[in-house]
Amino acid sequence: MPQNRVEERRKIFQGRVIELTQERVVLPNGMRVELEIVHHPGGAAAVAVDAGGRVCLLRQFRHAAAGWVWELPAGKIDPGEAPFATARRELAEEAGMSAGDWTALGRMHSSPGVFTEVIHLYLARGLEEAAPVHEHDEVIEIHWLPLGQAMAWCIDGTISDAKTLVGLFRAAAVLGQGAGSTRGD
């Protein structure tokens, strides 16, 4: 099937992280539409699971979400950086951990109707402590809880962050712990 064809692109805003454009595109069905698109460099997230079956979740204050959000260690891909390198860096910086065993869990689109961001997800095991280095604009609490409890939080709505939901569900599938499991190991 043919892809979209961009006929015209006009930059509306350029920030530190995002660019907003208005684009006239021809869709694969031949229709012409005007779209507002937020361009983002993408990100990576780590589902860190320790030898005891506990997962690292960050309770992070997010102004845009109007409060505290449960999230995986994650961050923006820096220019020239590979997604896997981003996941390793963010696990160390935000959670104070390094991992010797990594498994790719695929990627996800945050909000593909308006946002170009793609987040790459990884399962991190074989963990060792490192020193966390939070940025000045990050308000983060580091928590470790049983994967089964995290999955229950996915289901009951305690966890609402999309990358965290997708990452936890995919990691639980790889680890053989279904969504309804309450196992703590």
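Derivation of every value follows stated rules applied to the coordinates shown; laboratory data play no part. Bear in mind the structure is a predicted one, so any value in this text is a computation, not a measurement. Here the Cβ positions follow ideal geometry from the backbone for every residue, glycine too, while neighbour counts run over all protein chains shown.
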Please report the net charge: other residues with Cβ closer than 15 Å to the Cβ of ARG62, K and R +1, D and E -1. -4
So, how do all the Cα-to-Cα distances of region 56-185 break down into 10 Å bins, in percent, from 0 on up? 12, 43, 39, 6, 0
Under-5 Å amide H pairs with GLY42, H placed in peptide plane, nonlocal only: ILE77, VAL118
How far apart, in nm, are the 7 Å Cα→Cβ label points at ILE155 and ARG59? 2.3
Vicinal HN-Hα couplings computed from phi for region 90-100 (Karplus, 6.51 cos²θ - 1.76 cosθ + 1.60; Hz; Gly/Pro x): 5, 4, 5, 5, 8, 10, x, 9, 10, 10, x
What spacing in nm lies between the two simple spin-label points modelled at GLN22 and ARG107, each 7 Å away from Cα in the Cβ direction? 2.9
Applying the Karplus parametrisation 6.51 cos²θ - 1.76 cosθ + 1.60 with θ = phi - 60° to the phi angles of region 59-73, what ³J(HN,Hα) value in whole Hz is obtained for each residue in order, glycine and proline being reported as x? 9, 10, 7, 10, 4, 4, 8, 6, x, 8, 10, 7, 9, 7, x
What residue among VAL6, ILE37, HIS134 has its Cα farthest toward the positive end of the dipole of the chain, where the charges are +1 on Lys, Arg and -1 on Asp, Glu, each on the Cβ? VAL6
Here region 74-80 yields Karplus 3J(HN,Hα) values (6.51, -1.76, 1.60; θ = phi - 60°; whole Hz; Gly and Pro given as x) of 7, x, 6, 6, 7, x, x
Assuming a ≥ b ≥ c are the square roots of the Cα gyration tensor eigenvalues, decide whether region 1-87 counts as rounded (a/c under 1.5), prolate (otherwise, with a/b larger than b/c) or oblate. prolate
Treating only the Cβ atoms of Lys and Arg (+1) and Asp and Glu (-1) as charged, compute the dipole magnitude of region 18-61 about its Cα centre; round to the nearest 20 debye. 180
Given the -39500 (n - 2.57) contribution per DSSP H run of 4+ residues, what per-residue ellipticity at 222 nm results for the chain, rounded to the nearest 500 deg cm²/dmol? -5000 deg cm²/dmol
